[in-house]
Amino acid sequence: MLLGIPCAIHPDPGLSSSASSCWGNMMDVVLLHGLLLLLPLAALLLYRYNATFHYFCKVAFFNCWIIAMATLLSPFAALRGRSVENMKLLRAAILPLKHFYGIKMQVWGLEHLNTEELYVIVSNHQAALDLMGMVEIIPDRCVPIAKKEILYMGTVGWASWLSGIIFVDRYKREDAINVISQTARTMQREKFRVWIFPEGTRNQDKSMLPFKRGAFHLAVQAQVPIFPVVFSPYWDFFSSKEKKFTSGTCTIQILPKVETQGLSSTDVPRLTDTVRQAMADAFAEMSVSCCEDQSAEHPQHPHCAGVGAGAGRGTGSPQCEENTTGTSN
Ligand SMILES: CCCCCCCC/C=C\CCCCCCCC(=O)SCCNC(=O)CCNC(=O)[C@H](O)C(C)(C)COP(=O)(O)OP(=O)(O)OC[C@H]1O[C@@H](n2cnc3c(N)ncnc32)[C@H](O)[C@@H]1OP(=O)(O)O
Ligand SMILES: CCCCCCCCCCCCCCCC(=O)OC[C@@H](O)COP(=O)(O)O
């Protein structure tokens, strides 16, 4: 008897037609089982040898992890109510992800953030993967500013709202400016720091996009310093265009603070340019060391041409060495 089908194992030439149809049923079941066994094997082989399938699996896992964690942790966060303290839950939920992906995080200049004062962090934004780098260094009582669309992503939206994430509608400039001005007042009153991606959108190009001015108005209005943070290019391990997602190393460089004491809104354009230039220089330098490593393996990487021209490899500049320690999912 196989799966409730009462049937002999060997067909007998003298059997009735009902017995032979029973044999047919059994063959179907065996075939079905074979197929069911083959499917995971095929998926495994595809995952191993097809880079695009590998990429989509890893991206799907990332999204599923975020959704699962948000769903699991929202009730706990809700017990506390909307609070920046819930960012600790969010941080703990995202920290293990780098191990699944075999991504090694290298942090430079973390001591800069070790201060009691309030500040605004600005960083480049390459992909949703930035979340993994963010949680490596995000200090206590620090909330990101995010696009309003995240608020409508089900439990991810709730978890983000409960963690105090500030949402801006990028298509309504007046509203976004109001939110930022209000944040300048509340960050002093409620003692929290703010993290902004001044490019305003994800960007994996070889240079950073022009910076939006909101972060700089915020720092000037609140009279708090700015800490520029630069994530090294992900080219050696992640590219949404090339559908590439392997293990690798991400370097996070925290640049020295930029003071805003005494500055007014007329100084914002110059302040924006100064900070962007410092970040672009650091990014270019990181690109050079990243591409030097890359070119040894893959000569003529498309992103390498012209990147960081003239930018020397400073003392102790970051290495994009291949990480083999982590597991990939
Ligand atoms: C509980 C556990 C759970 C576990 C799981 C949880 C799941 C986790 C999920 C999630 C985690 C968090 C995820 C975070 C990551 C999200 C990242 C993003 O979403 S990035 C997109 C949003 N970010 C921005 O857009 C940047 C901020 N934007 C700005 O700063 C812009 O400046 C903005 C929107 C305010 C205006 O943008 P404009 O496109 O109009 O361009 P402009 O050039 O900046 O401004 C135009 C004029 O307005 C003035 N202006 C701008 N801001 C001003 C201000 N605050 N005050 C006065 N004037 C201002 C400027 O000076 C400029 O004027 P003049 O050209 O200089 O004359
Ligand atoms: C209704 C249920 C829908 C559920 C869908 C949930 C999908 C979960 C994905 C989690 C993604 C976490 C957010 C990462 C933050 C991020 O990187 O956002 C991108 C924006 O910064 C910039 O957006 P864009 O201008 O589109 O580049």
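Points worth noting:
- For region 50-297, the per residue solvent-accessible surface stands at 45 Å², with DNA, RNA and ligands left out and a 1.4 Å probe.
- Burial ranking of peptide ranges 259-269, 206-216 (average Cβ count within 10 Å, highest at the top): 206-216, 259-269
- Summed residue charge, Cβ within 13 Å of Arg202's Cβ, Lys/Arg positive, Asp/Glu negative: -1
- Carbon and sulfur %, accessible surface of region 50-297 computed with the full protein complex present, 1.4 Å: 58
- Contact order normalised by residue count of region 50-297, Cα under 8 Å, 6+ apart, percent: 26
- Between the alpha-carbon centres of region 104-148 and region 208-222 there is a gap of 16 Å.
- When +1 charges are put on Lys and Arg Cβ atoms and -1 charges on Asp and Glu Cβ atoms, the dipole computed for region 50-297 relative to its Cα centre reaches about 820 debye.
- Probe 1.4 Å - accessible area at His99, Å² to nearest ten: 110
- Cross-link partners for Lys244 among the lysines, with Cα-Cα distance under 21 Å and sequence neighbours closer than 8 places in the same chain left out: Lys58, Lys98, Lys104, Lys206.
- Region 69-110 shape via C-alpha gyration tensor axes, a/c threshold 1.5: oblate
- Bridge type composition, region 50-297 - antiparallel percent by DSSP, nearest 5: 25
- Overall form of region 50-297 per C-alpha gyration tensor (a/c, 1.5; a/b vs b/c): oblate
- Extended-chain gain in nm, criterion 0.36 nm per residue less alpha-carbon gap, Met27 and Tyr47: 4.2 nm
- Size-normalised alpha-carbon gyration radius of region 94-210, reference 2.2 N^0.38 Å: 1.11
The values are calculated or read from the model by the stated rules, or taken from the named source; none is laboratory data. What you see is a predicted model; the values in this text were computed from it and never measured. Because the Cβ atoms are built from the backbone with ideal geometry, glycine has one as well, and the counts that use them run over all protein chains shown. Note: accessible area is taken over every heavy atom of the protein model, side chains too, but ligands, DNA and RNA are not part of it. Shrake-Rupley method; radii C 1.70, N 1.55, O 1.52, S 1.80 Å.
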